[in-house]
1. Restricting the search to segment 107-133, which residues are open to solvent by less than 80 Å² (accessible area, probe 1.4 Å) and either touching a residue at least 24 places away in the same chain (Cβ under 8 Å) or in contact with a Lys or Arg (Cβ under 8 Å, 6 or more places away or on another chain) (or both)?
2. Kindly indicate which of Asp85, Asp132, Asp105, Asp95 is in contact with a Gly (Cβ under 9 Å, 6 or more places away or on another chain) and under 29 Å from Leu44 (Cβ atoms).
3. With Ala6, Ala66, Ala41, Ala13 as the choices, which residue is modelled with pLDDT under 95 and touching a strand residue (DSSP E or B) at 6+ places or on another chain (Cβ under 9 Å)?
4. Need the failing condition index for Phe74 against (1) within 24 Å of Lys142 (Cα to Cα); (2) open to solvent by less than 90 Å² (accessible area, probe 1.4 Å); (3) touching a residue at least 24 places away in the same chain (Cβ under 8 Å); (4) not hydroxyl-bearing (Ser, Thr, Tyr), just the number.
5. Test each condition in (1) surrounded by 13 or more Cβ atoms within 10 Å (Cβ to Cβ); (2) modelled with pLDDT of 95 or more; (3) over 19 Å from Gly138 (Cβ atoms); (4) among the aliphatic types (A, V, I, L, M) for Val90 and report the one that comes out false.
6. I need the full set of residues from segment 32-70 which are within 17 Å of Val137 (Cβ to Cβ) and among the basic types (Lys, Arg), in order please.
7. Using beta carbons and a limit of 9 Å, which pairs, at least six apart or on different chains, have the first residue in segment 42-60 and exposed (fewer than 13 other Cβ atoms within 10 Å of the Cβ) and the second one basic (Lys, Arg)?
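The values are calculated or read from the model by the stated rules, or taken from the named source; none is laboratory data. This structure is a prediction, so every number in the text was calculated from the model and none was measured. FYI the Cβ positions are ideal-geometry reconstructions off the backbone, even for glycines, and counts take in every protein chain you see. Only protein heavy atoms, including side chains, enter the accessible area calculation; ligands, DNA and RNA are left aside. Shrake-Rupley method; radii C 1.70, N 1.55, O 1.52, S 1.80 Å.
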Amino acid sequence: MADQTAAPVTNAAAPTSAEPTTLWVERTGTREYTGRSSRGAEVLVGSQGVPGRFTPGELLKIALAACSGLSADFPLSRKLGDNFDARIRVAGDPDRENEVYPQLDEVFELDLSELDEQARERLLVTVARSIDKVCTVGRTLKAGTKVTVSFEVDA
């Protein structure tokens, strides 16, 4: 896969802590876009099969896994220390007839071998509660959201 390292956006000012991050995509080729943020991050987006690009559906899944990971990070680091390893796999097949993902499944891969069974169970309950409480992406997907589209055109 191509290098996905964030590069600065030259024409965007860095936001202050009070300013929300601005997000946009720019077309860079046939069925290829680059997603950008006002904080200088970039992600390459394209159709299935375009090398070095994430599809929008893959980014949705990555956003969910990353949100869950970030939501779980504090309780995990509190119990396991700041240098714990974690991987969150996420998968789900699309329903192409309706163009939705009817189910997304996340699997946390964690080394909890240093904990006894009761401590492991308590930690996993705490982590699940944290994800349910503060993972904005997961909460949005579960609740559904209103999406609007408008156009600014040169005429």
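1. Once the filter is applied, which keeps residues that are open to solvent by less than 80 Å² (accessible area, probe 1.4 Å) and either touching a residue at least 24 places away in the same chain (Cβ under 8 Å) or in contact with a Lys or Arg (Cβ under 8 Å, 6 or more places away or on another chain) (or both), segment 107-133 yields Val107, Phe108, Glu109, Leu110, Leu112, Leu115, Ala119, Leu123, Thr126, Val127, Ser130, Ile131.
2. Numbers: Asp85 fails: in contact with a Gly (Cβ under 9 Å, 6 or more places away or on another chain); Asp132 fails: under 29 Å from Leu44 (Cβ atoms); Asp95 fails: in contact with a Gly (Cβ under 9 Å, 6 or more places away or on another chain).
On inspection, the qualifying residue turns out to be Asp105.
3. Exactly one of Ala6, Ala66, Ala41, Ala13 is modelled with pLDDT under 95 and touching a strand residue (DSSP E or B) at 6+ places or on another chain (Cβ under 9 Å), namely Ala6.
4. The number of the failed condition is (2).
5. That leaves (3) as the condition not met.
6. Within segment 32-70, Lys61 is the sole residue that qualifies.
7. Ser47/Arg31; Ser47/Arg53
For every residue, the table says whether it meets (1) outside any strand (DSSP E or B); (2) under 26 Å from Lys133 (Cβ atoms); (3) hydroxyl-bearing (Ser, Thr, Tyr).
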| residue | (1), (2), (3) |
| --- | --- |
| Glu26 | no, no, no |
| Tyr33 | no, no, yes |
| Gln48 | yes, no, no |
| Cys67 | yes, yes, no |
| Leu76 | yes, yes, no |
| Asp82 | yes, yes, no |
| Ile88 | no, yes, no |
| Leu112 | yes, yes, no |
